[in-house]
Amino acid sequence: MPADLRRLLAHARPHARTLIVGGVLTLAGSGAGLAMPVMAKYAVQAFAESRSPAPALLLLTAVVLAGAALTASGTYLMSRTGEAVVLGARERLVGRMLRLTVAAVDRLTPGDLLTRATSDTTLLRTVLSRSLVESASGALTLVGTVVLMGVMDLVLLGVTLLVLALIAAALALLMPRIRRAQTQAQEAVGDMGSALDRALQSFRTVKANGAEGRERSAVTAAARRAHDKGLTVARWTSASDVAMLVSVQVAFLCVLGVGGARVASGALDLSSLIAFLLYLFYLVAPLGQLTEGWVGLNSGLAAVARLAEIEDLPGEQPRQGADARESAGPVPVAFTDVVFRYADERAPAHDGVTFDAPAGGLTALVGPSGAGKSTVFALLERFYDHDAGTVTVGGRDIRDWPLAHLRATLGYVEQDAPVLAGTLRDNLLYAAPDATDDDVRDVVARTRLDDLVARLPEGLDTPVGHRGVLLSGGERQRVAIARALLRRPALLLLDEVTANLDAVNEQHLRAVVRELAIRTTVLVIAHRLSTVVDADRIVVLEDGRVRAQGSHAELLEQDPLYAELAATQFVAASTR
Ligand code: ATP
């Protein structure tokens, strides 16, 4: 069985019983439909023979009602299963997505992930609630009709089957094309999601650069691709419909010819030929159902393949033993000959990095853009695994730390968008949902956010806007620091804001960082002169290597690159 079909059935397996009951009810409903002409015939006969038609009419009514009830409950059960499968697939997929490794997500685009979780999962519903039943009922009716035709006359059946074999061949040719176009259409919808997501994520940049038109073209190009592929599907589907109708007509002519000859020779009576021809026309409906079911099934398989791509990506181990609020003392960090590449074909981002940051105190990482500073943080958080060398935290190899424990020990303050939507309080409690009001008050004071809280209309309960747009850059960073502190990290990783801060914010940030370094190990990617001046130790990175270490004064004297950075790159406080 093809892998995609196996996966599709795996989605349906937990609901197999409901699905089967629903399918049987729906089929029984259609069966009741088939019985109606017979009942009608009895009613007419009763009239003709001047008997009371009441029993036949009553029976007819009962069959109609029963048929309707069966169809309705069958359809409901099937749709319910469809919904349950969609929910199950979404729950699994979202759980899986949030567990993916950072490296895996780097290669994907958020918009594409979004369409997989929303539109591709929706396709499963149609497949399970409609296409499967359609295919099954089409196949059953087809088999039934063919059997009845065989009962009428085997020779004519042989002629019919020969012609039908032609349809099967045509469909076998067309189906892979339909399937390919369907997959491409779904991919195009994913691309559209990515393009739209990109434009909305950088909304201000788009506007500021007058790029609305270009972004629109990028999004609509993907939409157009989806449309074109949809048309391809429609073309091939109508081709298959035509092939089917033409084959049935051809079969009709052949049967008429061969059957006529057989009637003439007395091998077949006329009424059987007529009945046979009628059955031949009955074939059109189940054949149509089969192809439609088949097309639906293919789109479901394409969706399942896209969902499976996510499930097959590398994920992180589930969190175990996570205590979000470990309160260990400050821990030392050491990198020894660390080598790391983001991708095999890329130059190493770390090419033998060696440095250590003692427990407690402030260690600053500096270096030109692309030197590998952020990579130090990414490796410590184990967003990626280094290729060679060792990284230790608290004297223990980070590969030996349970992931959840390691991350609970670290506080990570990113440079960009470190604030999520919600209220200020939501943001602070993000890392430590069970922190007490006292804890919150304490970190708010330590990060000099009390003025801000006092100024906000609803204090801590003021919403901060999507990505914290209502806060200044310096405030956003201090909120992120406060959040990290609530976790009581033994090691704080701080990527400083590069933006110029006003004098007050600059002073606050400096004081906060200096105080922090008393109780925790602080590793900071320094962009500010004030930070390097305060640092206990500065590590200068260049091209994935450590080129010098020391204090600000020492490095100014000994390292020309550092002297140049100090002169040109560090953001000096606006008060200086
Ligand atoms: P900056 O100060 O500009 O942020 P940095 O010193 O922090 O620079 P890193 O972000 O560590 O530098 O990057 C080191 C190298 O790794 C760069 O050449 C960069 O292009 C590459 N790199 C960084 N992140 C990724 C990633 N997710 N995938 C692939 N390559 C990356």
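The values are calculated or read from the model by the stated rules, or taken from the named source; none is laboratory data. Just so we're clear, the structure is a prediction, and the values are computed from it rather than from any experiment. Methodologically, a virtual Cβ is constructed for each residue, glycine included, from the backbone with ideal geometry; neighbour enumeration extends over all protein chains shown. Just the protein is used for accessible areas: all its heavy atoms, side chains included, with ligands, DNA and RNA removed. Shrake-Rupley method; radii C 1.70, N 1.55, O 1.52, S 1.80 Å.
Just to check your reading of the model, which residue among Ser240, Ser194 is over 30 Å from Val284 (Cβ atoms) and open to solvent by less than 40 Å² (accessible area, probe 1.4 Å)? Please lay out each step first, then the result.
Numbers: Ser240 fails: over 30 Å from Val284 (Cβ atoms).
Matching residue, one of Ser240, Ser194: Ser194.
Residue-by-condition table, conditions (1) in the same structural domain as Asn505 (by TED's automatic domain parsing); (2) of a type in the set (A, V, I, L, M); (3) closer than 22 Å to Val512 by Cβ:
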position	(1), (2), (3)
Ser374	yes, no, yes
Val391	yes, yes, no
Asp426	yes, no, yes
Ala435	yes, yes, yes
Val453	yes, yes, yes
Asp461	yes, no, no
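Given the residues Thr160, Thr183, which is the only one that is over 30 Å from Ala251 (Cβ atoms) and among the polar types (S, T, N, Q)? Outline the logic, then answer.
Working: Thr160 fails: over 30 Å from Ala251 (Cβ atoms).
On inspection, the qualifying residue turns out to be Thr183.
Using the structure shown, decide if Thr26 is over 22 Å from Thr141 (Cβ atoms), under 47 Å from the mean Cα position of the chain (by Cα) and open to solvent by less than 80 Å² (accessible area, probe 1.4 Å).
Details: over 22 Å from Thr141 (Cβ atoms): no; under 47 Å from the mean Cα position of the chain (by Cα): yes; open to solvent by less than 80 Å² (accessible area, probe 1.4 Å): yes.
When the stated conditions are applied, Thr26 does not pass them.
Could you check the stretch 138-149 and list, in sequence order, the residues that are under 17 Å from Ser271 (Cβ atoms) and open to solvent by 20 Å² or more (accessible area, probe 1.4 Å)? Please lay out each step first, then the result.
Taking the stretch 138-149 first, the residues under 17 Å from Ser271 (Cβ atoms) are 148-149.
Correct list: Leu148 only.
Out of everything in the stretch 355-381 that is more than 14 Å from the ligand (Cβ to nearest atom) and open to solvent by 40 Å² or more (accessible area, probe 1.4 Å), what residue ends up being farthest from Leu492 (Cα to Cα)?
For the stretch 355-381, the residue satisfying everything is Asp356.
Taking the stretch 456-483 as the region of interest, how many residues are at pLDDT 85 or above, within 18 Å of Asn505 (Cβ to Cβ) and not β-branched (Val, Ile, Thr)?
So the count comes out to 3.
When the stretch 85-107 is examined, which residues are found to be surrounded by 15 or more Cβ atoms within 10 Å (Cβ to Cβ) and touching a residue at least 40 places away in the same chain (Cβ under 8 Å)? Let's see the steps before the verdict.
Pass one, the stretch 85-107, residues surrounded by 15 or more Cβ atoms within 10 Å (Cβ to Cβ): 85-86, 88-90, 92-93, 96-97, 99-101, 103-105.
Matches in the stretch 85-107: Val85, Gly88, Ala89, Arg92, Leu93, Arg96, Met97, Arg99, Leu100, Thr101, Ala103, Ala104.
Return the residues of the stretch 42-84 that are without any contact (Cβ under 8 Å) to a residue 40 or more places away in the chain and in contact with a Ser or Thr (Cβ under 9 Å, 6 or more places away or on another chain); say none if nothing qualifies.
Ala46, Gly67, listed by residue number.
How many residues does the stretch 336-350 hold that are within 10 Å of the ligand (Cβ to nearest atom) and assigned to a strand (DSSP E or B)?
Of all residues in the stretch 336-350, those within 10 Å of the ligand (Cβ to nearest atom) come to 340-343, 346-350.
Subset that is assigned to a strand (DSSP E or B): 340, 350.
Residues in the stretch 336-350 being within 10 Å of the ligand (Cβ to nearest atom) and assigned to a strand (DSSP E or B): 2 in total.
If I go through the stretch 436-455 residue by residue, how many of them are acidic (Asp, Glu) and surrounded by 21 or more Cβ atoms within 10 Å (Cβ to Cβ)?
Going through the stretch 436-455, the residues acidic (Asp, Glu) turn out to be 437-439, 442, 450-451.
Pick out the ones that are also surrounded by 21 or more Cβ atoms within 10 Å (Cβ to Cβ) and you get none.
Qualifying residue count, the stretch 436-455: 0.
From the residues in the stretch 533-553 that are of a type in the set (Gly, Ala, Ser) and on the phi < 0 side of the Ramachandran plot, which one is most open to solvent (accessible area, probe 1.4 Å)? First the steps, then the outcome.
Pass one, the stretch 533-553, residues of a type in the set (Gly, Ala, Ser): 535, 544, 548, 550-551, 553.
Within this subset, residues satisfying the condition of being on the phi < 0 side of the Ramachandran plot are 535, 548, 551, 553.
Details: Ala535: 12, Ala548: 18, Ser551: 35, Ala553: 68 Å².
In this case the residue turns out to be Ala553.
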